[in-house]
Amino acid sequence: MMKSYFPKDFLWGGAIAANQAEGAWNVGGKGLSVADVAKYKPETDVKDYVSQWHVSPAQIKEAMATNDETFFPKRHGIDFYHRYEDDLALFNEMGMKSLRVSIAWTRLFPNGNEECPNKEGIAFYHRLFKSMRENKIEPIVTLSHYEMPLYLVNEYDGWVSREVVEMFTHYAEVCLKEYSQYVNYWLTFNEIDSVFRHPFTTVGVVEEKYSGKQEAEEAIYQALHHQFVASSITTKLAKKIDKTNQIGCMMTRTLAYPLTSNPADVLLAQQHNRENYFYADVQVFGEYPQFVKNYWKEKGIHVEILPGDEEILKLYTVDFVSFSYYMSMIKSVDEEHMEKVGGNLVTSVKNPYLDISEWGWQIDPIGLRISLIDMYDRYRLPLFIVESGIGSIDKLSNGKIHDDYRIEYFKNHFKEVNEAIKSGVEVMGYTTWGCIDIVSASTSQMSKRYGFIYVDLDDLGRGSYNRIKKDSFYWYQKVIETNGAVLYEEVGNPEKVNMHQ
Ligand code: BGP
């Protein structure tokens with residue numbers, strides 16, 4: 001019978017982000033972030049990710065003119081800002097070893113360009129990280145998770161401006177100096193590869209400001225370069241401030257399979273995977289892959305790389321590679337004639353072998369093993385799964401949520417991670433996405449639930465905010481308690497097992 005290969009210090013945990021959980025958008029001196037203008041769009045198809053993520057200049061103007069929270073759900077989140085102690089106690093009860101959170105840049109620097117940080121913001125994260133430690137939870141901290149200051153978007157064109165590099169590294173240095181006493185694991189930019197999928201929330205690029213697609217593409221590559229430089233400078237600062245700090249890059253793994261054995265399909269899938277890896281390549285190997293530079297030359301894209309930038313990239317590379325994994329996709333030379341499905345911000349040809357979530361994300365546990373082996377062979381660095389999970393409609397019945405589909409999802413994914421570890425891959429941990437229900441990044445819905453803990457709140461912000469443990473809460477507690485061994489114990493039908501012992 002298969003057994004658990006999870007190392008004894010495996011960081012089982014959960015992940016949230018400030019902009020989707022904290023709320024308190026205008027409390028404690030916090031400034032407006034790009035997340036505070038993200039709108040809930042009930043009239044837009046939830047699988048139309050381009051429209052869901054898109055923020056137009058008119059939407060920015062509308063959002064800045066109102067204190068409305070009903071249609072700007074990230075402004076209230078799940079009020080983690082005020083309820084984090086109770087939530088951490090629940091995570092502690094689940095036995096979680098780690099919790100991935102992000103720091104909201106605008107809590108420390110409301111506009112992003114201030115010299116001195118906002119004291120109330122500094123104090124909040126001291127309270128939060130101290131409480132995490134008291135709950136025996138290892139913080140995994142993302143410095144930028146889709147929540148950059150809106151002021152920098154409006155006044156500096158976001159990350160296109162070189163000045164933003166210094167503003168970010170100043171913010172990062174303050175975080176590292178203030179919180180390295182509690183935090184050892186730092187991620188710089190969440191899903192840094194998503195800059196082309198939603199440039200507004202990642203690099204503050206408002207595409208309407210550019211005369212055409214080429215100009216917008218060039219602006220995004222320039223902004224991305226600035227983030228690569230800022231990430232390397234942050235790595236340098238982190239080691240100087242506390243040499244035990246471990247810095248990770250963070251990418252979305254969008255694994256692509258060829259639809260057929262037609263070499264043209266295989267080539268297409270390889271190109272997609274190579275482009276997906278490009279971002280981690282820069283942060284692991286410290287240089288741009290030649291195929292990217294050739295692409296810039298071919299398309300006449302000019303990226304300003306200042307003297308010293310390439311040395312910084314080369315000198316200060318990451319210690320580990322973290323990534324989100326939700327689904328896999330298919331590439332085919334004939335895809336325009338084929339049925340499509342949604343996915344984590346990408347569309348793909350439907351895979352007939354895979355189940356699909358209510359939001360159209362193709363569920364592929366084996367794909368996680370494939371990704372782990374692939375990435376470990378490529379980077380030869382420890383890997384950390386910092387997002388993975390299933391967003392679904394959870395129904396309350398007599399005060400309980402029987403989310404067997406979530407148990408099934410994670411059982412299958414954890415088993416594949418175990419197989420990857422058995423085959424020699426070094427995996428640091430697994431922080432499941434949205435370990436507690438939070439506001440969806442792409443659709444701003446509450447009804448797309450990921451948590452082991454239900455939050456009584458609907459898409460229009462109505463509810464008590466009460467937390468309710470789902471069946472999966474008790475299952476995950478057992479997984480952590482047995483360090484994965486329970487995955488291989490023959491138990492009766494999950495519905496029959498009394499989860500509430
Ligand atoms: C990733 C983001 C997370 C998270 C996740 C789930 O892209 O890094 O912030 O939200 O996707 O996506 P969603 O919330 O849109 O279902």
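Bear in mind these aren't lab numbers, they're just calculated from the coordinates by the rules spelled out. The shown structure was predicted, so the numbers you read here are calculated from the model rather than taken from an experiment. As a convention, Cβ positions derive from the backbone with ideal geometry for all residues, glycine included, and neighbour counts pool all protein chains shown.
Annotations
- Across the chain, the convex hull enclosing all Cα atoms gives 148 Å³ per residue.
- For region 191-295, the equivalent ellipsoid derived from the alpha-carbon gyration tensor has semi-axes of 27, 21, 12 Å in decreasing order.
- Top positive-direction residue, dipole computed over the chain with Cβ charges, set T254, Y125, P110: Y125
- Projected area averaged over orientations for region 282-369, convex hull of C-alpha atoms, nm²: 8.6 nm²
- Each of the GluC sites (Glu not before Pro) that DSSP puts in a loop and that has at most 15 other Cβ atoms within 10 Å breaks the chain; the longest unbroken stretch is 116-286.
- Long hydrophobic helices in the chain: the complete DSSP H runs spanning 18 Å or more by Cα along their own axis with mean Kyte-Doolittle hydropathy of at least -1.0 are 80-94, 119-134, 163-179, 213-241, 263-285, 365-379.
- For I330, I468, the sequence from fewest to most other C-beta atoms within 10 Å is I468, I330.
- Annotation for E85 and N154: the two label points, set 7 Å from Cα along the Cα-Cβ direction, are 3.6 nm apart.
- Charge-dipole axis of the chain as Lys and Arg at +1 and Asp and Glu at -1 on Cβ define it, positive-most pick from W475, G461, Q227: W475
- Footprinting exposure proxy for S332, S102 (fewest neighbouring C-beta atoms within 10 Å first): S332, S102
- Cα gyration tensor shape of region 125-281, rounded if a/c is under 1.5, else prolate or oblate by comparing a/b with b/c: oblate
- Between region 273-335 and region 100-135, the C-alpha centres lie 30 angstrom from each other.
- Test item: Cα-centred dipole of region 7-101, Lys/Arg +1 and Asp/Glu -1 on Cβ, debye: 280 debye
- Rounded FRET efficiency, nearest 0.05, which uses the C-beta distance separating H337 from T482 and R0 of 35 Å: 0.15
- Our summary gives region 11-497 a relative contact order of 17 percent, counting only alpha carbon pairs under 8 angstrom and 6 or more residues apart.
- Computed from point charges on the beta carbon alone (+1 for Lys and Arg, -1 for Asp and Glu), the dipole magnitude for region 11-497 about its Cα centre is near 920 Debye.
- DSSP-assigned coil residues among chymotrypsin sites (Phe, Trp or Tyr not before Pro) in region 310-416, each with at most 15 further Cβ atoms within 10 Å: Y353
- Judged by the gyration tensor of its Cα atoms, with axes a ≥ b ≥ c, region 426-481 is oblate; a/c meets the 1.5 cut and b/c is at least as large as a/b.
- Pairs of Cα atoms farther than 24 Å apart, region 1-142, %: 42 percent
- Volume of the Cα convex hull of region 311-419, divided per residue and given in Å³: 162 Å³
- Net lengthening on full extension, L315/N92 (0.36 nm per residue, minus Cα-Cα): 76.5 nm
- Dipole of the chain, positive end: most advanced residue of G212, N184, I366 [Cβ charges, Cα centre]: N184
- Between the C-alpha center of region 138-169 and that of region 341-384 there is a gap of 29 Å.
- Antiparallel DSSP beta bridges within region 11-497, as percent of all bridges there, nearest 5: 20 percent
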